[in-house]
1. Return the only residue of Ile78, Ile95 being open to solvent by less than 40 Å² (accessible area, probe 1.4 Å), of a type in the set (A, V, I, L, M, F, W, C) and not in a strand (DSSP E or B).
2. Where residues in segment 153-162 are among the polar types (S, T, N, Q) and in contact with a Leu (Cβ under 8 Å, 6 or more places away or on another chain), which of them is farthest from Lys301 (Cα to Cα)?
3. Restricting to segment 227-239, and then to whatever is out of contact with any helix residue (DSSP H, G or I) (no Cβ under 9 Å at 6 or more places or on another chain) and either farther than 23 Å from Ser261 by Cα or in a strand (DSSP E or B) (or both), can you tell me which residue is modelled with the lowest pLDDT?
4. Output the residues belonging to segment 279-299 that are of a type in the set (Asp, Glu) and in a helix (DSSP H, G or I).
5. Out of all the residues in segment 72-96, which are more than 20 Å from Gln144 (Cβ to Cβ) and out of contact with any strand residue (DSSP E or B) (no Cβ under 7 Å at 6 or more places or on another chain)?
6. Find the residue count for segment 11-34, including only residues that are in contact (Cβ under 8 Å) with a residue 24 or more places away in the chain and open to solvent by 90 Å² or more (accessible area, probe 1.4 Å).
7. Kindly provide the set of residues from segment 173-207 that are farther than 20 Å from Asp234 by Cβ and part of a loop (DSSP other than H, G, I, E, B), ordered by number.
8. Name the single residue, out of those in segment 98-114 being in a loop (DSSP other than H, G, I, E, B) and of a type in the set (A, V, I, L, M, F, W, C), that is most open to solvent (accessible area, probe 1.4 Å).
Amino acid sequence: MDHPRPCGCKGRRTCLNCEKDFQIDRVDFLSVFKNSKAYSFCPRCSKIFPGWDTDKVMSEHDQNHGGDPGKYYPGVYIDLNFLTEVEEAELMKGIDEMPWDMSQSGRRKQNFGPKTNFKKTKLRVGAFEGFPKFSEFVQRKFDQVPLMAEFQSIEQCSLEYTPERGASIDPHIDDCWIWGERIVTVNFLSDSVLTMSRYRMEDGKNRYNLDFVDRYKDKLIGDLVDEETMDTFDDVIVRIPMPRRSLLVMYGPPRYQWEHSVLREDISERRVCLAYREFTPMYLQGGNEYDKSEEIYRRAKNFWNHLEVSNNS
């Protein structure tokens, strides 16, 4: 089943449709994680507290905020009120006026960014011409977030999750050859949860092009955690809330030392998010690969009218 299926899934990625049509057995990540000790992250104090249900943990925590010392979990920033209701409605109007493409694991997507080949570490401009004009203000709002200083968006992806398709995303780390440290998500329409699980090598080999991190480790915003500290998180998962209209930025240890996933069971109604990526330092101005990214940066400054493009296509 390595070839794409009609639903958009391929390989080990599945949705409710292809699981039924092709009798595919799917890894039950919920059961796997339920056998681990669960903690929930608090956006207000950046600590984690025992418990699976983020809403319940935060409600109990808020009644006596600061009374429980918790455990510090660095590398996660959440702005609970990043978007207003009006801004959310404006974005969703524009997003839903554009065509969707089928994606894996029951999702749909709209992708704006360069062509990347993660296996061959090849980068091309491709058809990238910038981003939809209706979303420009989101990138402008990044300037108000100190953690986002000098963030240069070179990919913007709309992702849709619905319970009808059993949408999810399996545990993974975003590619480390091309995508930079800050993993940015803006959430719409409904609340959800990001589930973090400790990353481990397979057969003594790194995945996700993690070996590239050694080339720019001295430029990271968040210091990585030593193995002794990471060992304290054996058989632990961390649940990070993604409330409606919030901004989530992940960097440092959660970016490189933990896998993140969205469980099917955490999608109770339609959820849409905008995911933003930056380049690794090698492709920034002054980096040794900047000649391959300079044109992409130029095009990333362009914002086009999606209605004019749709009418001309």
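1. Working: Ile78 fails: not in a strand (DSSP E or B).
Being open to solvent by less than 40 Å² (accessible area, probe 1.4 Å), of a type in the set (A, V, I, L, M, F, W, C) and not in a strand (DSSP E or B) holds for just one of Ile78, Ile95, which is Ile95.
2. Applying the first criterion (among the polar types (S, T, N, Q)) to segment 153-162 yields 153, 156, 158, 162.
Among the residues that remain, those that are also in contact with a Leu (Cβ under 8 Å, 6 or more places away or on another chain) are: 156, 158.
Values: Gln156: 12, Ser158: 18 Å.
This residue is Ser158.
3. Ranking the candidates gives Glu228 first.
4. Of everything in segment 279-299, those that are of a type in the set (Asp, Glu) and in a helix (DSSP H, G or I) turn out to be Asp291, Glu294, Glu295.
5. Initially, segment 72-96 is screened for residues more than 20 Å from Gln144 (Cβ to Cβ), giving 72-75, 89, 92-96.
The answer is Pro74, Ala89, Lys93, Asp96.
6. Adding up the residues that qualify gives 1.
7. Selection gives Asp174, Asp175, Cys176, Trp177, Ile178, Gly180, Glu181, Arg182, Leu189, Ser190, Asp191.
8. So, considering only residues that are in a loop (DSSP other than H, G, I, E, B) and of a type in the set (A, V, I, L, M, F, W, C), the one most open to solvent (accessible area, probe 1.4 Å) is Trp100.
The values are calculated or read from the model by the stated rules, or taken from the named source; none is laboratory data. Note that the structure is a prediction, hence the values are computed from the model and not measured. Cβ coordinates were reconstructed from backbone atoms using ideal geometry, including for glycine residues, and neighbour counts include every protein chain displayed. Note: accessible area is taken over every heavy atom of the protein model, side chains too, but ligands, DNA and RNA are not part of it. Shrake-Rupley method; radii C 1.70, N 1.55, O 1.52, S 1.80 Å.
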